[in-house]
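Beneath this line is the structure, given in structure tokens, with notes to follow.
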Amino acid sequence: MDIDLNADLGEGFGPWRMGEDEALLDIVSSANVACGFHAGDPVIMDRTVRMAQSRGVDVGAHVGFPDLLGFGRRQMQIDPVELATYVTYQLGALAGMARSAGHRMTHMSFHGALGNMAAADAQLAAPLVRAVAAFDPDLIISSSASRAIEDAAAACGLRVATTFLADRACDDHGLLVPRKLPDSVIHDKEAVLARVKQLLDDGTVTTYSGKKIPMKVHSILLHGDTPGAVNLARTVREVVESAGRVVPISRQQVQG
């Protein structure tokens, strides 16, 4: 079994830092790099890409709402045509940073509220995914389970790598439940590890309501902005390696 381990990185701004990016880059196989809209700035993007390149870690654009104050977690009502240009802008920024560092952008993902809204709304997902395809048809979309994004990608001939968020609860359709709900974010290390082991052992996850649903994934996302994130990431990697190999999604057989 080949599983990618990725993390959302580069999410500081100016002198402010969030998470332990350098330590996580020694553990993960791919990184989703903030592109300056919900977090990040040119200097942080450049530094993160270069650290990833030196470690052989894949990089992708982590595309969000223009919401630095809310860290991209607040819903914004933006015309989808305009929003698609925001997607293109952020893809171009990260691709440029990667190219200048001698690296390449292999994937992209939607961050926070933008990702949750697109995952649940086919009419919003379609123009955003078309923008990705127009920018680079070889990019892989890294996404939590979402029929809306999967269908939009299929229509554009793009590949989707389903990503399991080990510390986030999902509903019976595999969509992430809102953060405002109790226990929507799972802080207990043993509970997170149990979820990963369940996924690897029988290909299922237990939903917020307690139902078991099947989930075929290519990647496991490790959040870097929570206490103990590095130790948890290291333990998750050990669990994955006991069942298979850690391989970035760009080197997996991800179907279009």
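Readers should treat all values here as calculations from the given coordinates under stated rules, not as data from a laboratory. A quick note: this is a predicted structure, and the numbers were derived from the prediction, not measured. Positions of Cβ are generated from backbone atoms using ideal geometry, with glycine treated the same way; all protein chains shown enter the neighbour counts.
Principal axis analysis of the Cα atoms in the chain yields extents of 39, 39, 36 Å, listed in decreasing size. Region 141-201 and region 1-49 have Cα centres spaced 19 Å apart.
Just order 13-26, 35-48 by mean Cβ neighbour count inside 10 Å, highest at the front, would you? Can you show the working numbers first?
Numbers: 13-26: 15.2, 35-48: 21.0.
Ranking, from highest mean packing down: 35-48, 13-26.
Scanning the chain for helices, which whole DSSP H stretches are 24 Å or more long along the axis (Cα) and average -0.5 or more by Kyte-Doolittle? For the chain, where a helix must reach 24 Å along its axis and average at least -0.5, the hits are 80-100. Spacing of the modelled spin labels on residue 190 and residue 243, each 7 Å from Cα toward Cβ, amounts to 1.9 nm.
Which FRET efficiency value, to the nearest 0.05, do you get for residue 26 and residue 183 by plugging their Cβ-Cβ distance into 1/(1 + (r/R0)^6) with R0 = 30 Å? It would help to have the intermediate numbers written out before the result.
Working: r = 30 Å, r/R0 = 1.00.
For residue 26 and residue 183, the calculated efficiency is 0.50.
Counted over region 59-158 with a bin width of 10 Å, the fraction of Cα pairs per bin, in whole percents, is 17, 52, 28, 3. Sorting the segments 168-174, 105-111, 62-68 by their mean number of nearby beta carbons within 10 angstrom, highest to lowest, gives 105-111, 62-68, 168-174. Using a/c under 1.5 as the rounded threshold, could you call region 149-256 rounded, prolate or oblate? The axes a ≥ b ≥ c are square roots of the C-alpha gyration tensor eigenvalues, and prolate needs a/b larger than b/c, oblate otherwise. Here region 149-256 falls in the oblate category. The listed peptides 132-140, 177-185, ordered by packing as a protection proxy, come out as 132-140, 177-185 (highest mean of other Cβ atoms within 10 Å first).
Subtracting the Cα-Cα distance from 0.36 nm times the residue separation, let me have the gained length for residue 77 to residue 134 in nm, one decimal.
Length gained, residue 77 through residue 134: 18.2 nm.
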